[in-house]
Amino acid sequence: MSKFKKVVLDNGIRIVTERIPYVKSVSLGLWVNAGSRNESEKESGISHFIEHMFFKGTKRRSAKDIAIAMDSIGGELNAFTSRESTTYYSKVLDTHVKEGVELLSDIFLNSLIDDKEIEKEKQVILEELKMVEDTPDDYIHDLYTHTVWPKHPLGRSILGNLETVAWFKRKNFINYLDKNYYPKNIVISAAGNFELKRLIRLLDKSLGRLERAETARHQITPEIKGRISVKKKRLEQIHICLGAKGLSHVHKDRYALYALNTMLGSSMSSRLFQEIREKRGLVYAIYSYISAFRDTGLFTVYAGTSQSSVFEVIHLIMQEFKNLKEKRIAPSELNKGLEQMKGNLMLSLESTSSRMSKNAKDELYFNRYVPFEEIIKNINNVTAKQIQRLANELFDRNLITLTAIGDISKKDIDEDLLRC
């Protein structure tokens, strides 16, 4: 029997909980349904900057006090920003639920967003931007999304850029919070060993008093067109992202895409890893991944290789795309991939953090709890025919995008390489 429960506070905040009585921890997350996608071009990076500012002091605690308070109970307090949401979370022992809720609520409701702290934190984020640009195997992914969506918020870096970060003032943060951090746009997710009524009382006493008016928000679905983009930089390797259209987070064929990704490049037994690294030794790192959003998505392969091997690596990736389009997956490979997916899912059940995240995303994207039994059923229903059909739909030559960074020029790339 599921221990999942949903409660809506009077102010509109949704609370989704899953009680797991045999563990000793509680993971609690505050999920705001707003991320870098909700920023104007001038605001680029503000969601991430606000996340930083929430840890820089409240009416009751300094930044140091916040860190000491969580460390003193052996817990974790952190946050992250994505393109469609911003999350603040804590993980504590079940004996410290009250303290965990109180600390998380304090930074969320009472952060000062002080002018002096803003100026200091600008330097931190500017260094973070420089660090990413100096890490090509990270930076290539931002370049890739910008290549795919050069004029859409989804194509911008979550960190923003040097110009926007330097421009932010306190009033910009307050305006953004007023537009996006209203109760009906917030989901609180808890998973672990807790007493439900007590947890709801604690959350209602603090976050239940948040009041902000709901605002209208309009999002445009971006188009995906195939492009080639190269950033020339003197490096030992050439880093590439090669991909095509994916699926939205709620698409009916999403489980088939998960299976395709599993078999193509998400593990050491995958086709890309075995063919390009193990068999030929052309790369150290190669993998595929899915980026799913509310109304669209991307499917991407990353590889880092030498200048002498880059075109062979691109050719081999495209050949695997072609194989998926033309040759139906063998029953043994399909079964292995589906079992791998189910195994990864079941292992995630052992983590309260994973369960907390899953339940929050279920509420944000589906407005309901998706039982594990339903997920397993959907995985089992994936067929080789469905995967082949999906490969033919997604790996369309007109949708293939290649982004590279390294000692290479765009004129060096023959567009015929991207045919499959």
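The values are calculated or read from the model by the stated rules, or taken from the named source; none is laboratory data. Here the structure is a predicted model, which means the values were calculated and not measured. All Cβ positions, even for glycine, are placed from backbone atoms using ideal geometry, and neighbour counts span all protein chains on display. Ligands, DNA and RNA are stripped out before the accessible areas are found, and what is left, the full protein with its side chains, is counted by its heavy atoms. Shrake-Rupley method; radii C 1.70, N 1.55, O 1.52, S 1.80 Å.
Sticking with the crude label model, points 7 Å out along Cα→Cβ, report the distance from residue 311 to residue 195 in nm, one decimal please.
7.1
Through the Karplus equation 6.51 cos²θ - 1.76 cosθ + 1.60, θ set to phi - 60°, convert the phi angles of region 243-252 into ³J(HN,Hα) values in whole Hz; use x for Gly and Pro.
Result, rounded to whole Hz: x, 8, 5, x, 10, 5, 4, 10, 5, 5.
Which whole-number value in Å² is the accessible area per residue of the chain, probe 1.4 Å?
47
Which of rounded, prolate or oblate describes region 122-179 when judged by the alpha-carbon gyration tensor and an a/c cut-off of 1.5?
oblate
A 21 angstrom limit on the alpha carbon distance is what I want to check against. Which of 184/205; 3/24; 245/411; 3/361; 122/169 exceed it?
245/411
Find the relative contact order for the chain and round it to a whole percent, using C-alpha pairs within less than 8 Å whose residues are 6+ positions apart.
Once divided by the residue count of the chain, the mean separation gives 22 percent.
Efficiency by 1/(1 + (r/R0)^6): what FRET value for residue 289 and residue 110, r their Cβ-Cβ distance, R0 = 41 Å, to the nearest 0.05?
Rounded to the nearest 0.05, the efficiency is 0.65.
Report the paramagnetic label zone for residue 78: residues of region 1-33 whose backbone N is under 18 Å from a point 7 Å from Cα along the Cα-to-Cβ axis.
25-32
Order these peptides, 183-192, 330-339, by their mean beta-carbon neighbour count within 10 angstrom, highest first.
Top of the packing list down: 183-192, 330-339.
Within straight cross-link reach of residue 252, meaning Cα distance under 15 Å, which aspartates and glutamates are found once same-chain residues fewer than 8 apart are removed?
295, 362, 374, 393
Quick one: compute the contact order of region 82-186, relative version, from alpha carbon pairs under 8 angstrom and 6+ residues apart, as a percent.
26 percent.
Under 13 Å Cα to Cα from residue 358, which aspartates and glutamates show up? Leave out anything in the same chain fewer than 8 places away.
Partners within reach: 18, 350.
In percent, what relative contact order does region 303-396 have, based on Cα pairs under 8 Å that are 6 or more apart in sequence?
Relative contact order of region 303-396: 47 percent.
Once region 44-187 is represented by equal point scatterers at the alpha-carbon sites, with solvent omitted, what log10 I(q)/I(0) does the Debye formula produce at q = 0.09, 0.20 Å⁻¹?
Per q value, in the given order, log10 I(q)/I(0) is -0.31, -1.28.
What distance in nm separates the two pseudo spin-label positions at residue 59 and residue 119, each 7 Å out from Cα along the beta-carbon direction?
In this crude spin-label approximation the distance works out to 2.6 nm.
How large is ³J(HN,Hα), in whole Hz, for each residue of region 85-94 in order, when computed from phi with the Karplus curve 6.51 cos²θ - 1.76 cosθ + 1.60 and θ = phi - 60°, using x for Gly and Pro?
Each residue of region 85-94 in turn: 7, 10, 10, 10, 9, 9, 9, 9, 5, 4 Hz.
Probe radius 1.4 Å, ligands and nucleic acids ignored: give me the carbon and sulfur share of the accessible area of the chain as a rounded percent.
Ligands and nucleic acids excluded, carbon and sulfur give 50 percent.
May I ask you to list the trypsin sites (Lys or Arg not before Pro) in region 1-99 that are in a DSSP loop and have at most 12 other Cβ atoms within 10 Å of their Cβ?
The qualifying sites are 3, 24, 59, 60.
Specify whether the C-alpha gyration tensor of region 1-129 places it in the rounded, prolate or oblate class, a ≥ b ≥ c being the square roots of the eigenvalues: rounded for a/c under 1.5, otherwise prolate if a/b is larger than b/c and oblate if not.
Oblate, because a/c is 1.5 or more while a/b does not exceed b/c.
Just grab the label-to-label distance for residue 218 and residue 415, each label 7 Å out from Cα along the Cβ direction, in nm (one decimal).
For residue 218 paired with residue 415, the spin-label model returns 3.4 nm.
Spelling out what I want: for every residue of region 102-114, take phi, set θ = phi - 60°, compute 6.51 cos²θ - 1.76 cosθ + 1.60 (Karplus), and round to whole Hz; glycine and proline get x.
In residue order, the calculated couplings are 5, 5, 5, 5, 5, 5, 6, 9, 10, 4, 6, 6, 6 Hz.
For P(r) over Cα pairs in 10 Å bins from 0, in percent, the choices are (i) 4, 18, 24, 23, 18, 10, 2, 0; (ii) 4, 20, 27, 26, 17, 5, 0; (iii) 5, 22, 32, 26, 12, 3, 0, 0; which was calculated from the structure?
Here P(r) over Cα pairs in 10 Å bins from 0, in percent agrees with entry (ii).
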